[in-house]
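The values are calculated or read from the model by the stated rules, or taken from the named source; none is laboratory data. Just so we're clear, the structure is a prediction, and the values are computed from it rather than from any experiment. Neighbour counts run over all protein chains shown; Cβ positions are idealised from the backbone, glycine included.
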Amino acid sequence: MTLNTIGLDQKKTKDIANDLNGLLANFQVYYQNLRGIHWNIKGKRFFDLHVKFEELYTDANLKVDEIAERILTLGETPLHTFDDYIKAAKVPVGKNISQDEKAVRLIVDSLSELLKLERQILNKTDEAGDEGTNSMMSDFITEQEKTVWMMKAWLSETV
């Protein structure tokens, strides 16, 4: 087994970085979805949702940077083109969504996809002893589970 400069198995970190690139691509699509619904939301709930969507896309933008920097920390190169993002993303693309319930549903569906990816990465990082990535995934999961709960409550649905 060959260790990299941060003491992790190079083969395992390459695999983790590949999964993080998939997460990065999905976060970029999620981020762009949030921008779109922020810009296009209409209706009586406009003021509340416009602010909430801005809060969410600001957070997503920070997470995109954290993921990319973690990929670099692991010795790999983060994806950085829209073409790469679209090819790798599983998050649904929201286009021309202006209705409040459709916008919130898009967020729930997107976060559900992100959570699946993050849990897969969490399991791999645990096995690899990659505490840095593991901690990041754990923090993301905790935040996103709460956001899903809140969005589902707004939709009058249960988790």
Being assigned to a loop (DSSP other than H, G, I, E, B), over 19 Å from Gly22 (Cα atoms) and in contact with a Leu (Cβ under 8 Å, 6 or more places away or on another chain) is the filter here; which residues of region 91-128 pass it? Ile97
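Mind listing just one residue for me: the one in region 46-80 that is polar (S, T, N, Q) and part of a helix (DSSP H, G or I) and, of those, farthest from Glu143 (Cα to Cα)?
Going residue by residue through region 46-80, those that are polar (S, T, N, Q) are 58, 61, 73, 77.
Right, trim to part of a helix (DSSP H, G or I) and you get 58, 61, 73.
Numbers: Thr58: 14, Asn61: 15, Thr73: 23 Å.
Checking each candidate, the answer is Thr73.
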Given the conditions (1) in a helix (DSSP H, G or I); (2) more than 20 Å from the chain's Cα centre (by Cα), report the number of the one that Gly43 does not fulfil. (1)
Are any residues in region 1-21 loosely packed, with under 13 Cβ neighbours inside 10 Å and among the basic types (Lys, Arg), and if so, which ones? Lys11
Every pair of residues 6+ apart whose Cβ atoms lie under 9 Å, when the first sits in region 108-121 and is closer than 23 Å to Thr13 by Cβ and in contact (Cβ under 8 Å) with a residue 12 or more places away in the chain while the second is part of a helix (DSSP H, G or I) and among the acidic types (Asp, Glu): Leu115/Glu145; Leu117/Asp19; Gln120/Asp19; Ile121/Asp19
With respect to Leu49, is the statement that it is touching a Ser or Thr at 6+ places or on another chain (Cβ under 7 Å), in contact (Cβ under 8 Å) with a residue 12 or more places away in the chain, crowded, with 17+ Cβ neighbours inside 10 Å and not β-branched (Val, Ile, Thr) true? no
Identify all residues within region 129-153 that are outside any helix (DSSP H, G or I) and within 17 Å of Tyr30 (Cα to Cα); write none if there are none. none
All but one of (1) buried (at least 17 other Cβ atoms within 10 Å of the Cβ); (2) under 18 Å from Asn33 (Cα atoms); (3) in contact with a Phe, Trp or Tyr (Cβ under 8 Å, 6 or more places away or on another chain); (4) not hydroxyl-bearing (Ser, Thr, Tyr) hold for Val108; state the number of the condition that does not hold. (3)
Determine the pairs where a residue that is under 16 Å from Asn134 (Cβ atoms), located within region 3-20, has a partner that is surrounded by fewer than 12 Cβ atoms within 10 Å (Cβ to Cβ) and at pLDDT below 95 with Cβ atoms under 7 Å apart, the partner being 6 or more residues away or on another chain. Asp9/Met1; Asp9/Leu3
Region 111-141, residues that are under 11 Å from the mean Cα position of the chain (by Cα) and buried (at least 19 other Cβ atoms within 10 Å of the Cβ): Leu111, Leu114, Leu117, Glu118, Met137, Phe140
